[in-house]
1. Test of understanding: among Leu74, Leu68, Leu41, which residue is modelled with pLDDT under 65, part of a loop (DSSP other than H, G, I, E, B) and within 17 Å of Asn8 (Cα to Cα)?
2. Kindly provide the set of residues from the range 15-25 that are assigned to a helix (DSSP H, G or I) and surrounded by fewer than 21 Cβ atoms within 10 Å (Cβ to Cβ), ordered by number.
3. State which residue is surrounded by the fewest Cβ atoms within 10 Å (Cβ to Cβ) when the search covers only the range 44-65 and only residues that are outside any loop (DSSP other than H, G, I, E, B) and of a type in the set (Ser, Thr, Tyr).
4. Here are the criteria: (1) open to solvent by 40 Å² or more (accessible area, probe 1.4 Å); (2) assigned to a loop (DSSP other than H, G, I, E, B). Tell me which single one Gln10 does not satisfy.
Amino acid sequence: MKKVTILNNQSLFDLSIQLTGTALNALEIAKANNIVPSVNLIAGEELIVPNTLVNEDDILRYYQANTLLPASALTQQDQDTITGCEGIGCWAIGIDFKVS
């Protein structure tokens, strides 16, 4: 296992893509750190990454070659904007939506 430091606005899914080339490993990283996958990570925090994760080599090489460090988590300002959101720009399709 190795330790990695979380970047500002980085989610487990971002971290998983950065380190392994696939978001699927986010669940294993969460499990190794005894956290839920949707947890808001804190910049500077260290997480354990298991050595047993399977890499998507083509995607991983692309991220490494282009020095991409994904950080797509919502900021507090984003969350506050969503909370106060009104109108058609904030509408969502409910779970009972059916197309026929």
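1. Numbers: Leu68 fails: modelled with pLDDT under 65; Leu41 fails: modelled with pLDDT under 65.
Unique residue meeting the criteria: Leu74.
2. Narrowing the range 15-25 to residues assigned to a helix (DSSP H, G or I): 15-20, 23-25.
Answer for the range 15-25, where residues must be assigned to a helix (DSSP H, G or I) and surrounded by fewer than 21 Cβ atoms within 10 Å (Cβ to Cβ): Gln18, Leu19, Ala23, Leu24.
3. Step by step, filter the range 44-65, then rank; the result is Tyr62.
4. So Gln10 meets the others, but not (1).
One line per residue, one yes/no per condition, for (1) among the β-branched types (Val, Ile, Thr); (2) in contact (Cβ under 8 Å) with a residue 40 or more places away in the chain:
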position: Ile6; (1), (2): yes, yes
position: Gln10; (1), (2): no, yes
position: Asn25; (1), (2): no, no
position: Ala30; (1), (2): no, no
position: Thr52; (1), (2): yes, no
position: Asn55; (1), (2): no, no
position: Leu60; (1), (2): no, yes
position: Tyr63; (1), (2): no, yes
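The values are calculated or read from the model by the stated rules, or taken from the named source; none is laboratory data. As the structure is a prediction and not an experimental result, all values here were calculated from the model. Don't worry about glycine lacking a Cβ; one is built from the backbone with ideal geometry, like all the others, and counts go over all protein chains shown. Protein only, heavy atoms only, side chains kept; ligands, DNA and RNA dropped before computing areas. Shrake-Rupley method; radii C 1.70, N 1.55, O 1.52, S 1.80 Å.
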